[in-house]
Structures are given as C-alpha cells and as structure tokens.
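Encoded as structure tokens, the structure appears first; notes follow it.
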Amino acid sequence: MNDVTRHVLVLPDRDAAEEVATELTDLFGLAEEPQLVRDALAGEDDAEDAQWLVVVEDPGARLDPKALDTLVAEHDGWLESP
C-alpha cells in the first residue's frame, strides 16, 4: 500500500507559490520539489484571477499540517483540508 499524504497549499499568486515551494524545500528537506499548479477561479476568464496551488507529496506523513498552515498563512494563503 502506498502511504503518501498529499498536502495542497493555496496561494494568491505565482510569486507567493514559488517562494513557499522554496521555503518548504529548505525548511523540511523535501525529497521532491513541490508541484506548482495554476488554479483559475470558477467563472473567471481573466488570467489575473487565479490562485496557485503548491502540492507537496509527503511519504510517511511526516510533515506537520499546523507548520504548513503557519508557513502558508505568512503568504496570505491557506492549507486545504484533506
């Protein structure tokens, strides 16, 4: 059985997402780079109206969701509930 937890962090823009991805790698020594995904808001055609997701694969569920939430909150984002 594959025991991998996936954390999804939602950020307001690409710059914030890239910064959080770098911080995650530095702080938690991630084996894999977090994945950045553009998430257009429903019903919005304007490219500016998009959130960015940072997807973190967490084998063994070793990352603390509270620590992730605190980090992303510093960048005006939040951790999605599983």
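The values are calculated or read from the model by the stated rules, or taken from the named source; none is laboratory data. The model shown is predicted, which means the values in this text are computed figures rather than measured ones. Cβ placement follows ideal geometry from the backbone for every residue including glycine, while neighbour counts extend to all protein chains displayed. Surface accessibility is based on the protein's heavy atoms, side chains included, excluding ligands, DNA and RNA. Shrake-Rupley method; radii C 1.70, N 1.55, O 1.52, S 1.80 Å.
Summary table below
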| item | result |
| --- | --- |
| Residue in the range 39-56 that is at pLDDT below 95, open to solvent by less than 30 Å² (accessible area, probe 1.4 Å) and either touching a Gly at 6+ places or on another chain (Cβ under 9 Å) or part of a loop (DSSP other than H, G, I, E, B) (or both) present | no |
| Residue, farthest from Asp13 (Cα to Cα), within the range 68-82, restricted to residues that are of a type in the set (A, V, I, L, M) and touching a residue at least 12 places away in the same chain (Cβ under 8 Å) | Leu68 |
| Count of residues meeting criterion [under 10 Å from Leu53 (Cα atoms) and in a helix (DSSP H, G or I)] in the range 4-15 | 1 |
| Residue list for the range 18-38, filter: in contact with a Lys or Arg (Cβ under 9 Å, 6 or more places away or on another chain) and in a helix (DSSP H, G or I) | Phe28 |
| Failed item in (1) more than 10 Å from the chain's Cα centre (by Cα); (2) at pLDDT 90 or above; (3) open to solvent by 50 Å² or more (accessible area, probe 1.4 Å), with Ser81 passing the rest | (2) |
| The range 57-73: number of residues that are among the aliphatic types (A, V, I, L, M), exposed (fewer than 15 other Cβ atoms within 10 Å of the Cβ) and assigned to a loop (DSSP other than H, G, I, E, B) | 1 |
